There are 2 protein chains.
Amino acid sequence: MEHTLNIAKALADGNRMRVIVALMSRDELCVCQITEMLQLAPATVSRHMTILQNARLVQNRKEGRWVFYRLLKPFPEPLYQWLQASLAGSREIQEDSRQLQEILSCNPDDLCRRQKNRKKCHHSH
Amino acid sequence: MEHTLNIAKALADGNRMRVIVALMSRDELCVCQITEMLQLAPATVSRHMTILQNARLVQNRKEGRWVFYRLLKPFPEPLYQWLQASLAGSREIQEDSRQLQEILSCNPDDLCRRQKNRKKCHHSH
DNA sequence: CCTTTGTTTCGTCAATTAGCGAAACATACA
DNA sequence: TGTATGTTTCGCTAATTGACGAAACAAAGG
């Protein structure tokens, strides 16, 4: 039961659920892109991704300085269908999807620059 | 997303997952029977069942002093299939199933008497 | 009524978890 | 080799959660 329970625990967090659903239609996402979508500290995102990876829901691929995550294949089919059916109409998920289009339209470099600027901005407060 | 997340949270606990799986093959179970299976305090079991009910995974029916819980229909089909497939071979679940046969073989009265005896036994330590 | 009994609610405590910043790591590039 | 940059690990804090016992509730039966 342990593995099944780990999957349930991995999904029992709103941010992690958003990531999984995002990956269901996006093939792969870089950590910095996920960070942008969730609006969390990189350290926090990294921690979430580790939990998802330990639950064997995602896998990662390094490319230079970037780490890209994707769903681990084979992804449990019933789980996939459940999330798909349950969250298709969710406002938050749709908003994530819309924002991801924006995020993906610029390359990771620009994205990370944008994040750095935001950080500076926060410090000025 | 809130409802979907509530379901994931409801399943993200070993004891609650055991209850759901037990109800997948047992139609309905009394609180005292679930208490016997999980070996937890009645108050704790009641709390778990409330969480499952708020997630709309179970419903209850009162009969005299007893409260029987069953899966709420319609139970999300993909979720049902996922649990079925993932936990069919689980040692713990099989052990629960075996023990439930025992529990169900005596009527609730005897069961609760047994629980009371165990409680007295604990006090004597 | 009053007692018994099964369940739930409440209050509390210990354990777990999500979040962050700082520091460590790792990789590219000057 | 040194610096910049993306990611992860570590240490800590605040919030959440699971567990229990005591007390409240609800239903049956003397």
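Using +1 on the beta carbon of Lys and Arg, -1 on that of Asp and Glu, and nothing else charged, what's the dipole of the range B:16-80 about the Cα centre, debye to 20? Don't skip to the end; give the middle numbers.
Details: 10 positive and 5 negative charges, 34 e Å.
Taking the Cα centre of the range B:16-80 as origin, the dipole is about 160 debye.
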### Task
Could you pull the copy-to-copy label distances for B:ARG98, with points set 7 Å along Cα to Cβ, in nm to one decimal and sorted shortest first?
5.6
### Query
What is the set of long-range amide H partners of A:CYS30 at a cut-off below 5 Å, with H atoms built 1.01 Å from backbone N?
A:TYR69
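Taking 8 Å as the Cα distance limit and 6 or more residues as the minimum spacing, I'd like the relative contact order of the range A:2-123 as a percentage. Before the final figure, lay out each step's value.
Details: 97 pairs, mean separation 36.2, N = 122.
Relative contact order of the range A:2-123: 30 percent.
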### Message
I need the inter-copy label distances for A:PHE75: point set 7 Å along Cα to C-beta, values in nm with one decimal, smallest first.
### Response
2.5
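Per-residue Cβ counts within 10 Å, from other chains only, averaged over B:91-98: what number is that?
Working: counts 1, 3, 2, 0, 0, 1, 0, 0.
That average works out to 1.
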#### Entry: Label distances, nm, A:GLU28 versus same residue in remaining copies, Cβ-directed 7 Å point
5.3
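If the only charges are +1 at each Lys and Arg Cβ and -1 at each Asp and Glu Cβ, what is the size of the charge dipole of the range A:2-123 around the Cα centre, to the nearest 20 debye? Walk me through the numbers on the way to the answer.
Values: 19 positive and 13 negative charges, 96 e Å.
Once rounded to the nearest 20, the dipole reads 460 debye.
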#### Entry: Projected-area average for the range A:2-123 over all orientations - Cα convex hull basis, square nanometres
7.8
## Note on the structure
For the B:ALA88, A:ASN15 Cβ pair and Förster radius 30 Å, calculated FRET efficiency rounded to 0.05 is 0.45
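Once you average over the residues of A:77-87, how many Cβ atoms of partner chains fall within 10 Å of each Cβ?
On the way: counts 4, 11, 7, 2, 6, 10, 4, 1, 5, 9, 4.
Partner-chain Cβ atoms within 10 Å, mean over residues of A:77-87: 6.
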### Task
Could you order B:LYS73, A:LYS62, B:LYS9 by accessible surface area, starting with the largest, using a probe radius of 1.4 Å?
A:LYS62, B:LYS73, B:LYS9
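The values are calculated or read from the model by the stated rules, or taken from the named source; none is laboratory data. Quick caveat: nothing in here was measured; it's all calculated off a predicted structure. For neighbour counting, all protein chains shown are included, and Cβ atoms are generated from backbone atoms with ideal geometry for every residue, glycine included. Areas reflect the complete protein model, heavy atoms only, side chains present, ligands, DNA and RNA absent. Shrake-Rupley method; radii C 1.70, N 1.55, O 1.52, S 1.80 Å.
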